[in-house]
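The values are calculated or read from the model by the stated rules, or taken from the named source; none is laboratory data. Just so we're clear, the structure is a prediction, and the values are computed from it rather than from any experiment. We place every Cβ from the backbone using ideal geometry, glycine too, and count neighbours over all the protein chains shown.
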Amino acid sequence: MKINSAVKLGTVATFAAVLLAACGSSSNSSSQASKQTLNWMESSALPSMDLSTATDVVSGETMNNTGEGLLRFGKKSTTHPGVAKSYKVSKDGKTYTFNLRKSNWSNGDKVTAKDFVYAWQRTVNPKTASQYAYMYAPVKNANEIMKSQKPVSSLGIKAEGDYKVVVTLTQATDYFPALVASPMFFPQNQSVVDKYGKKYAANAKSNVYNGPFKLTYWTGTSDNWTLSKNTKYWNAKNVKLKKINFKAVKDPQTSLSQFQSGKLDATYLSGQQPKNYKNDKQYVERKGASTFYIEMNQRKDSMMKNKKARQALSLAINRKQFVNKVLADGSSEAKGLVSTGLMSYKGKDFNTASAVPEATDHDLAKAQKLWKEALKETGRSNYNLTLMADDTPAGKNTLEFVQSQWSKLDNIKVTTQSLPFKTRLSRSENGQFQAVVSGWGADYPDAISFLEMFTKTNSYNRGKWLNTEYDNDIKAADGKDANNEAARWTDLVDAQKTLMKDQGIIPLYQQGKSQLVKSNVKGVIYFPTGANWDFSHAYISK
Amino acid sequence: MADTVKLPEDSFKPITANDRAALDSEKIAAPSLTFTQDAWRRLKKNRGAWVSLIILGIIFIMAFGSMFFSPHNPNAVNPSYANLPSKIPGVNINGFNGTLVQAGQRIDAYQQAGASGVHYIMGTDYLGRDLFSRVLYGTRISLIIALVATFFDLTIGVTYGLVSGWKGGRVDTFMQRVIEIILSIPNLVIIVLFILILKPGMLSIILAIALTSWVNMARLVRAQTLEIKEQEYVLAAKTLGESSLKIAFKHLLPNLSSVIIINTMFTIPSAIFFEATLSYIGIGISSPQASLGTLLNDGQKNFQFLPYQMWWPALVLCIIMLAFNLLGDGLRDAFDPRTKE
Amino acid sequence: MAKYLAKRIFYLILTLFIVITVTFFLMKLLPGTPLTNQAKLSKSQIALIYQQYGLDKPVWQQYLLYLAGAVKGNFGTSFQFSDQPVSYLLSSRIGPSLQIGLQAMILGVILGIIVGAIGAMKQNTWADTTTTVVSILGISIPSFVLAVLLQYYLGLKAGWFPIAEWGGFIYTVLPTLALGATPLAESARFVRTEMVDVLSSDYIELAKAKGLSRMGIIYHHALRNSLIPLITIVGPLAVNIMTGSMVVENIFSIPGIGEQFVKSVLTNDYPTIMGLTIIYSFMLCVVLLITDILYGIVDPRIRITGKAN
């Protein structure tokens, strides 16, 4: 695959294409355009490249393409061999042994087991102040280290020689391979971290990469950044793109125009744009792994504590109309807290297994009846409700729509409040709300990533919905049934059913991303959790 | 020396009404008018200003009248009628006949939505709300914001500038430092603070405007006062012992009027745009309330496919601005004693 | 004059100090932390992160530390870009904002003066009406609408200019036009109004009587004396425009400071807000000082250095 931008070589390649196409090879270099550059849009700038401390999606996406963990994410969140050629799990599910391949960093250093041990310890070390270190919770002693109760060296990861990593977990964890494939668990080169000190990963130069690409342009605060093919990558011969130009375009109108004029190969759509491109052949919908739902403050308010009132509010909302007519961006109705497509067992999706139609199906008459009863039970003649949400476009759409739906109930007055994200968050955390629209995206492809939020002590349970049955199910799934797939599945399904039957939250929609992607961009891999994109197999076709 | 002047008898008779009329007929002078009478007369002669005044009157009546009577409820959501373009019955011009270019083809959006029987003069927005009613509603909110800003400009701004410029010296220095500080603290910080303490919406915006909007007026008035107070007629008034207050009202204000009026004409759009920019950021008037700013902002996002959603509020805004400015020009010409006939 | 200048510079420092103080404590009222997912962190972790940002100390200590740092040009670390000092963030992003702002100001003010002067000289003719309507439209259309229109018609449809991004001069044309509308309109309006007044004053009549040429009168007498209101508004307007407009920067994808500022206000990234406020305030105070000096130069009748008589 030595195609340069030279025109002559291009014609040779075309010729070869004809020959090879006859042989039935499709993903071969012959079908590729001579210029392998991808122009990709992001909606915000790249704020960080430090694997231990980055917190946002854009960083995650970029790091997933410049680095590689023991395993690699593939289509539908399946894991594939990465730096580890293979791995073994002990019978009790607590010990993982990874066999590493021989591979190099972009500066020529060898990627060894020590790099993993160093990276993991660095992230968990409280001095690093990593805000996502909690993802390490299943690893032995991680929680104690984070609380400074145990030394960093006691973390359950050991290097046996240069090419074997042994990981010990506190208890069997189903989704551990998925964790290992996320950027937070990628290796880091200690000599480079030490060399740059505070400047480590502050710009494109003061960093080192072991993934399919390396970052070649980024000032640390710039709105665009460039990835170039990493020739030192072990699988470099299968990486087809020479260059990826990332551009942060904050105005959706602008990015659409840039796409139309050919400056971008892909653009996210927002607002009313998806509606107008539904039938375009370049239109792609991507299902996300995040759900938006309404939490009701059940600390004091007798109305919000009333199950019938909560049910009435849920049934009054016509979710189908909302996702199809108002959002219309590839989002889908949420039937529960867990996002659809995240987890399945024996071919059955989690939400199909845990469906509680009477909690989410639109039924205004029933809602009306329940609302009346709730008013009576709490001894009120009417109720004033303020719904709070983020000041994002989607947040505003949600507010306006839900307000109009709730206002159809009798004796209710609904007001809305849209606030900047951080303000909204701090009010949610302090319980200064009646009802609030919240969203959550899964950190890893397992229902527990959602469900653990509504246990009694979890700080994400901002409405303080309490249910012992639910808590017990979650505890069992995390504890005694952790290594028993069937029992764990039942626990989790029951938990969501309980949450829905008691209407602990009002699920609204599962976020979708809609995109326009040029039809000659092929092989881009998307996965709904974590880092979203893998460009290592992407190429530009003719 | 017994020179005596012989005066005729009738010199000692009071003059009659007839005599007086005869005398007056020889006098060459315009009827004596007070300052406001004169201004009113000049304003009436300016046709542009009159038309503007009438247009503004109509807009005010429609915007505030829509509180009681509105073609549709501006907040009534009807998603199945979303994004319908303008349709004015009887008019068959593209842009006003309910058709829309979608994916390169002109289609009848009303038919597609199964809404053949209804028509919306300005179309509907993404939730199927009547844009005309929303524009009326938005005009009302924007006008209120503009008037509040003008009020603070004319009261705090003018007084502050006058005092600072007239007193001069230490008072001026101190007052100018206060202005520097107010100008230096970003408006956005102030508004976010209000949002935090109160809640997002009109009150926060109005308070932020009250705190910051008058500063420019104060600076302009001060600068002009510095210039005017050195002029001869002010000196003369001072020498004659007129009180400062009287000088301010009789001499300074009329001569400042052109700057005051022109700046007011800038205060109105900048207050409306301040709110519009806040909506662009996401902290303006909270939904489902609307202002011209939020409508423009929503329309701007869909300009490529649904241009009418931006054109309508933009058109209304432009008309309001033109009318205010032409009226302002008329007022300026009328009030400024320096204007030539 | 030297004494006056020294006094003003002293005031400038005093003003800056007050602005820093006021903004600092206002920001402390906002619920801003560098934490992005507080709920998942243990108490000790939060304490450690606070310590890293110096947020563990009492507010007055933080304030003194901030002042001490600010004097040395150290504005702390941004919450948005991890481990990037605010001074670096600002210096790496302020260039494009300054450039576009300056271009827009120059274009707007020069065109505005010309348009305004034409309007005044040809008072109550079609030329006057046209220039008035143009300048009114300039202030009637919000910059985001103008930016969208320019981008759509001149960028996408006509293809004359790049739609967005930051490259050579050609990339600055559309944003400059979008931002230049306000200064153009404002200066045109003020110049016209003032000049109409000035043209009818006695000394212009005298100049005419002396037989000075028309252009000579306009240039030497009329224009000069019409600039007082313009000078007053241009200063703060220039500082405003040059410190970045979030709207225009967003629409044209300019890597400037405007969007960063709005984002930092909304996310309560107070080190960045403080840094920008200080720069803004400094520029503003300098501009106001220059304005006051210019008053005297442009119109010798104005005395600001001492008490009036």
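Brief remarks on what is shown
- Residues of the range B:74-100 that are within 11 Å of chain A (Cβ to nearest Cβ), outside any loop (DSSP other than H, G, I, E, B) and without any contact (Cβ under 8 Å) to a residue 60 or more places away in the chain: B:Pro79, B:Ser80, B:Tyr81.
- For A:Gln258: the one exception among (1) part of a loop (DSSP other than H, G, I, E, B); (2) within 9 Å of chain C (Cβ to nearest Cβ); (3) of a type outside the set (Phe, Trp, Tyr): (1)
- Any helices (runs of 4 or more DSSP H) falling wholly within the range A:389-482 and containing at least 3 residues that are surrounded by fewer than 21 Cβ atoms within 10 Å (Cβ to Cβ) and within 14 Å of chain B (Cβ to nearest Cβ): A:393-406, A:421-429
Results for (1) more than 11 Å from chain C (Cβ to nearest Cβ); (2) surrounded by 14 or more Cβ atoms within 10 Å (Cβ to Cβ); (3) outside any loop (DSSP other than H, G, I, E, B), shown as yes or no for each residue.
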| site | (1), (2), (3) |
| --- | --- |
| B:Pro200 | yes, yes, no |
| B:Ala218 | no, yes, yes |
| B:Val221 | no, yes, yes |
| B:Leu226 | no, yes, yes |
| B:Leu235 | no, no, yes |
| B:Glu242 | yes, yes, no |
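- Elements of the type strands (runs of 3 or more DSSP E) sitting completely within the range A:72-183 and holding at least 2 residues that are of a type outside the set (A, V, I, L, M), buried (at least 22 other Cβ atoms within 10 Å of the Cβ) and away from chain C (no Cβ under 14 Å): these cover A:95-100.
- Residue satisfying all of: in the range B:294-311; facing chain A (nearest Cβ under 7 Å) and under 18 Å from B:Lys87 (Cβ atoms); surrounded by the fewest Cβ atoms within 10 Å (Cβ to Cβ) among these: B:Phe305
- Search result, residues across the range A:388-434 that are of a type in the set (Val, Ile, Thr), at pLDDT below 85 and under 19 Å from B:Leu127 (Cα atoms): A:Thr392
- Evaluating A:Leu51 against the criteria (1) touching an Asp or Glu at 6+ places or on another chain (Cβ under 7 Å); (2) at pLDDT 90 or above leaves one unmet condition, (1).
- Some residue of the range B:328-337 being closer than 18 Å to B:Ala149 by Cβ and either more than 8 Å from every other protein chain (Cβ to nearest Cβ) or in a helix (DSSP H, G or I) (or both): yes
- Selected residue (only one of C:Ser97, C:Ser91, C:Ser140 is more than 18 Å from the chain's Cα centre (by Cα) and among the small types (Gly, Ala, Ser)): C:Ser140
- A residue that is farther than 28 Å from B:Glu232 by Cα and buried (at least 24 other Cβ atoms within 10 Å of the Cβ) occurs somewhere in the range C:188-199.
- Tally of residues being closer than 17 Å to C:Ser187 by Cα, at the interface with chain B (Cβ under 10 Å from one of its Cβ atoms) and of a type in the set (A, V, I, L, M) across the range C:113-160: 5
- The one condition from (1) of a type in the set (Val, Ile, Thr); (2) surrounded by fewer than 20 Cβ atoms within 10 Å (Cβ to Cβ); (3) under 22 Å from the mean Cα position of the chain (by Cα) that B:Thr173 does not meet is (3).
- Matching option when the condition is at pLDDT below 90, crowded, with 18+ Cβ neighbours inside 10 Å and more than 23 Å from A:Met453 (Cβ to Cβ), among A:Lys308, A:Lys346, A:Lys325, A:Lys335: A:Lys325
- Per-region count, the range B:269-288, residues within 14 Å of chain A (Cβ to nearest Cβ) and either more than 19 Å from B:Leu196 (Cα to Cα) or touching a Phe, Trp or Tyr at 6+ places or on another chain (Cβ under 7 Å) (or both): 2
- Flag for A:Ser222 being farther than 23 Å from A:Ser90 by Cα and away from every other protein chain (no Cβ under 14 Å): no
- Candidates B:Ser184, B:Ser204, B:Ser164 - the one that is within 28 Å of B:Leu56 (Cβ to Cβ) and among the small types (Gly, Ala, Ser): B:Ser204
Results for (1) crowded, with 16+ Cβ neighbours inside 10 Å; (2) modelled with pLDDT under 80; (3) within 29 Å of A:Tyr132 (Cβ to Cβ), shown as yes or no for each residue.
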{"position": "C:Ser44", "(1), (2), (3)": "no, yes, yes"}
{"position": "C:Ile49", "(1), (2), (3)": "yes, yes, yes"}
{"position": "C:Val59", "(1), (2), (3)": "no, no, yes"}
{"position": "C:Tyr63", "(1), (2), (3)": "yes, no, no"}
{"position": "C:Leu67", "(1), (2), (3)": "no, no, no"}
{"position": "C:Val71", "(1), (2), (3)": "no, no, no"}
{"position": "C:Phe75", "(1), (2), (3)": "yes, no, yes"}
{"position": "C:Phe79", "(1), (2), (3)": "yes, yes, yes"}
{"position": "C:Ser82", "(1), (2), (3)": "yes, yes, yes"}
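- When we screen C:Gly119, C:Gly138 for residues that are assigned by TED's automatic domain parsing to the domain that holds C:Leu177, buried (at least 22 other Cβ atoms within 10 Å of the Cβ) and either touching a residue at least 60 places away in the same chain (Cβ under 8 Å) or more than 24 Å from C:Ala222 (Cβ to Cβ) (or both), the only hit is C:Gly119.
- Taking residues in the range B:220-238 that are touching a residue at least 40 places away in the same chain (Cβ under 8 Å), and partners anywhere that are among the β-branched types (Val, Ile, Thr) and not in a helix (DSSP H, G or I), the pairs with Cβ atoms closer than 9 Å and at least 6 places apart or on different chains are B:Ala223/C:Ile302; B:Leu226/C:Ile302; B:Leu226/C:Ile304.
- Residue selected from the range A:238-255 under the condition assigned to a loop (DSSP other than H, G, I, E, B) and within 13 Å of chain B (Cβ to nearest Cβ), by the criterion farthest from B:Gln105 (Cα to Cα): A:Lys250
- Residue pairs meeting the criteria (Cβ under 7 Å; at least 6 apart or on separate chains; first under 17 Å from A:Asn207 (Cβ atoms), in the range A:174-186; second of a type in the set (Asp, Glu)): A:Phe186/A:Glu68
- Qualifying residue in the range A:403-415 (condition: within 23 Å of C:Tyr270 (Cα to Cα) and of a type outside the set (Ser, Thr, Tyr)): no
- Check on C:Thr243, outside the structural domain of C:Leu98 (by TED's automatic domain parsing), within 30 Å of C:Leu89 (Cβ to Cβ) and hydroxyl-bearing (Ser, Thr, Tyr): no
- Residue check, A:Ser514 in contact (Cβ under 8 Å) with a residue 12 or more places away in the chain and surrounded by fewer than 23 Cβ atoms within 10 Å (Cβ to Cβ): yes
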